[in-house]
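Peer 1: Right, I'll just put the structure down here and ask away after.
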Amino acid sequence: MLSDAEIDGALATLPGWKREGDAIIKTFRLPSFREAIAFVDRLAPACDAADHHPDILIRYRRVTLTYATHSEGGITAKDIAGAREADRLAS
């Protein structure tokens, strides 16, 4: 599990991501519903490869990702890595 300082430092390098309790969250706004689905489709293999999966909420053109490592009881390096990969795939 990361310390508060480590989480704050990581979030400072991840635009749009914020901490909510023991998780990090970001809402991506895509050009269309199809693009939102395509984004999640691109993200899925990376999540499987890392064996770490976010909660995903799709609302029309918006995709909200919530990363938390429940088995560790907080935010870990896996969550930060997942956020970075999501940002990369969204651009």
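Peer 1: When you check Asp22 against the structure, is it free of Cβ contacts under 8 Å to residues at least 24 places away in the same chain, of a type outside the set (S, T, N, Q) and farther than 15 Å from Arg84 by Cβ, yes or no?
Peer 2: It is false that Asp22 is free of Cβ contacts under 8 Å to residues at least 24 places away in the same chain, of a type outside the set (S, T, N, Q) and farther than 15 Å from Arg84 by Cβ.
Peer 1: Can you tell me which of Asp79, Asp51 is among the acidic types (Asp, Glu) and surrounded by 12 or more Cβ atoms within 10 Å (Cβ to Cβ)?
Peer 2: Asp79
Peer 1: Moving on to the next point. Can you name the condition, by its number, that Tyr60 falls short on among (1) surrounded by 11 or more Cβ atoms within 10 Å (Cβ to Cβ); (2) of a type in the set (Phe, Trp, Tyr); (3) free of Cβ contacts under 8 Å to residues at least 40 places away in the same chain?
Peer 2: Tyr60 satisfies all of (1) surrounded by 11 or more Cβ atoms within 10 Å (Cβ to Cβ); (2) of a type in the set (Phe, Trp, Tyr); (3) free of Cβ contacts under 8 Å to residues at least 40 places away in the same chain except (1).
Peer 1: Any idea how many residues of the range 7-48 are of a type outside the set (Lys, Arg) and within 18 Å of His70 (Cα to Cα)?
Peer 2: Looking only at that region, the number is 9.
Peer 1: Would you call Ala46 aliphatic (A, V, I, L, M), in contact (Cβ under 8 Å) with a residue 12 or more places away in the chain, closer than 17 Å to Ser91 by Cβ and out of contact with any strand residue (DSSP E or B) (no Cβ under 9 Å at 6 or more places or on another chain)?
Peer 2: yes
Peer 1: Another question about this same structure. Among the residues of the range 25-40, which ones are loosely packed, with under 13 Cβ neighbours inside 10 Å and touching a residue at least 40 places away in the same chain (Cβ under 8 Å)?
Peer 2: Hits for the range 25-40: nothing passes.
Rule-based calculations on the coordinates, nothing more; no lab input. Since this is a predicted model, take the numbers as computed values, not measurements. Note that each Cβ is placed from the backbone with ideal geometry, even for glycine, and that neighbours are counted across all protein chains shown.
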